[in-house]
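Q: Just passing along the structure, written as structure tokens.
The values are calculated or read from the model by the stated rules, or taken from the named source; none is laboratory data. Keep in mind that this is a model prediction, so the values were computed, not measured. We place every Cβ from the backbone using ideal geometry, glycine too, and count neighbours over all the protein chains shown.
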């Protein structure tokens, strides 16, 4: 870029933006050198008039800022083989002329009130001019301060409100700062004149334009000192589209699946599912932020992370936890039966449980915003009944632990942090009506709570069946009722699950041609029913983004119907405090 480095060009550009937008025009603020190793006594080549005789010679010169940049002291030594006539020192619109006699001169002086100076000679150079009696002269310039301000700290984070960013900025300059500003992209959002301050810090909330919401944005901090030296720093932050709904009547969580990118690419035809979000593997940080923005803006309090084993589930969780909004929602750990069913060739007791539980403990259970019940981190285990009814898996569990009790206690001990045990919840799915089975009851009572899944028992049919909602509601209420009774009788808690429908007809990997039509009215009805049967204030929603089974409430289009945020709006209305 015209021989200048990118950083210098960027600083010049920002100065132009600030000068024409929010900042008052300040001459002399265009330093291209910010290298702190530059000396204020560095010599430059003098310029001379044309003459056969030698012009005056500037032997040495200095310019030193004092008093936070309000005073500039200068020193000049010069000589001439004939006789000197005058010395002229200028800085911006301040000029001092001194008449001299003789062949040598030593001059010491100062300029004061520099904040009032109009520094037309950019970027704030001191000009020295030595003139002899023959009219010959020598000139030289010197930049008195080439040390850029220090940016000691800078962060930009979303608040819980639409279009707001919480900004924290700290900087200093040994000579004195002049201006501080922050830009969103290339647009200035705040500026402040801080003439003479050596240290500066601020914590403030800045507003953003509407087109900055629902996405990541770059925020630039800009520090400029009294002599035009500048430093900038960048921070990347998401800006909310929705105000966080902090007061809710229930504690609602939604199951969050980490493999939706794979599902969309490999499992479903292109014309079935079209989420409003961009999915890669692992999920982009911006996608996660948008999801949490939508969740918390519509009364969803918990993100239930569905851990299905190593690989994708781990990589996506790492990105989820790096989202700018992760701290604004409770994170709830859930491990699926798949993590065990897909590791039959490994030791569950020696390999799978130790490694997976340690990963979930470190990444979710130990977090300050881990979801809790009764002061204990909540941990869900999905499809627990498989260890009772799938003979191969039951045999492996019994061979390694000897009992359901030992299996559950092993999980409990590995998730205990500083003496605080997790609150373990078993998801029984449609099997939750099977409490008359002795072995099922034995497994179920090892946990602290029970949750359901979608209903009815979708595996109990001949295939190709579309379920009538009346049958679904009847079956679901039977699950709720049986589970409520069982948990009450066994001093446990019940966490019902609600869902908008079910559709795995296009699922090429594990689909079984099952279909419960999506229904906003029924979704609202199930929410109300779940609240009546729950033994706590916690309800779970299946799911945020399981497009492969058609239970998603995430905005988007499914089978040609664009339902937008309709399911989220139902939750928001349900969550309005009475």
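Q: Checking the structure you have, find out if any residue of region 335-353 is buried (at least 19 other Cβ atoms within 10 Å of the Cβ), closer than 22 Å to residue 252 by Cβ, assigned by TED's automatic domain parsing to the domain that holds residue 284 and touching a residue at least 24 places away in the same chain (Cβ under 8 Å).
A: So far as region 335-353 goes, yes, one or more of its residues are buried (at least 19 other Cβ atoms within 10 Å of the Cβ), closer than 22 Å to residue 252 by Cβ, assigned by TED's automatic domain parsing to the domain that holds residue 284 and touching a residue at least 24 places away in the same chain (Cβ under 8 Å).
Q: Can you tell me which residue is nearest to residue 71 (Cα to Cα) among those in region 189-230 that are part of a strand (DSSP E or B) and in contact with a helix residue (DSSP H, G or I) (Cβ under 6 Å, 6 or more places away or on another chain)? Please lay out each step first, then the result.
A: Of all residues in region 189-230, those part of a strand (DSSP E or B) come to 189-193, 199-207, 215-225, 230.
Applying the additional criterion that residues be in contact with a helix residue (DSSP H, G or I) (Cβ under 6 Å, 6 or more places away or on another chain) yields 216, 222, 230.
Values: 216: 43, 222: 24, 230: 20 Å.
Restricting to residues being part of a strand (DSSP E or B) and in contact with a helix residue (DSSP H, G or I) (Cβ under 6 Å, 6 or more places away or on another chain), the top hit is 230.
Q: Still on this structure: Residues in region 422-440: is at least one more than 17 Å from residue 349 (Cβ to Cβ), at pLDDT 95 or above and out of contact with any helix residue (DSSP H, G or I) (no Cβ under 8 Å at 6 or more places or on another chain)?
A: So far as region 422-440 goes, yes, one or more of its residues are more than 17 Å from residue 349 (Cβ to Cβ), at pLDDT 95 or above and out of contact with any helix residue (DSSP H, G or I) (no Cβ under 8 Å at 6 or more places or on another chain).
Q: May I pose another question? Let me spell it out: the conditions are (1) at pLDDT 85 or above; (2) not assigned by TED's automatic domain parsing to the domain that holds residue 133, and residue 30 meets all of them except one. Which number is the exception?
A: Against the list (1) at pLDDT 85 or above; (2) not assigned by TED's automatic domain parsing to the domain that holds residue 133, residue 30 comes up short only on (1).
Q: Find the strands (runs of 3 or more DSSP E) located wholly in region 61-104 whose residues include 2 or more that are touching a residue at least 40 places away in the same chain (Cβ under 8 Å), buried (at least 19 other Cβ atoms within 10 Å of the Cβ) and in contact with a strand residue (DSSP E or B) (Cβ under 8 Å, 6 or more places away or on another chain), and list them. Lay out the reasoning, then the answer.
A: On the way: elements: 71-79, 84-91, 94-99.
Here the list reads 71-79, 84-91.
Q: Further question on the same structure: With the condition kept exactly as written, say whether any residue in region 194-208 is modelled with pLDDT of 95 or more, surrounded by 20 or more Cβ atoms within 10 Å (Cβ to Cβ) and in the same structural domain as residue 153 (by TED's automatic domain parsing).
A: yes
Q: Only one of (1) more than 30 Å from residue 504 (Cβ to Cβ); (2) surrounded by 19 or more Cβ atoms within 10 Å (Cβ to Cβ) is not met by residue 252, so which one is it?
A: Here residue 252 meets the rest and fails (1).
Q: Is it true that residue 484 is touching a strand residue (DSSP E or B) at 6+ places or on another chain (Cβ under 6 Å), assigned by TED's automatic domain parsing to the domain that holds residue 287 and touching a residue at least 12 places away in the same chain (Cβ under 8 Å)? Please lay out each step first, then the result.
A: On the way: touching a strand residue (DSSP E or B) at 6+ places or on another chain (Cβ under 6 Å): yes; assigned by TED's automatic domain parsing to the domain that holds residue 287: yes; touching a residue at least 12 places away in the same chain (Cβ under 8 Å): yes.
So residue 484 passes the test.
Q: When the residues of region 368-416 are narrowed to those that are closer than 19 Å to residue 307 by Cβ and part of a loop (DSSP other than H, G, I, E, B), which ends up farthest from the chain's Cα centre (by Cα)?
A: Only one residue tops the list, namely 385.
Q: Can you tell me which residue in region 354-364 is nearest to residue 320 (Cα to Cα), limited to those that are over 20 Å from the mean Cα position of the chain (by Cα) and buried (at least 19 other Cβ atoms within 10 Å of the Cβ)? Can you show your working first?
A: Our first condition is that a residue be over 20 Å from the mean Cα position of the chain (by Cα); within region 354-364, this holds for 354-361.
From what's left, buried (at least 19 other Cβ atoms within 10 Å of the Cβ): 356-357, 360-361.
Values: 356: 17, 357: 18, 360: 13, 361: 15 Å.
This residue is 360.
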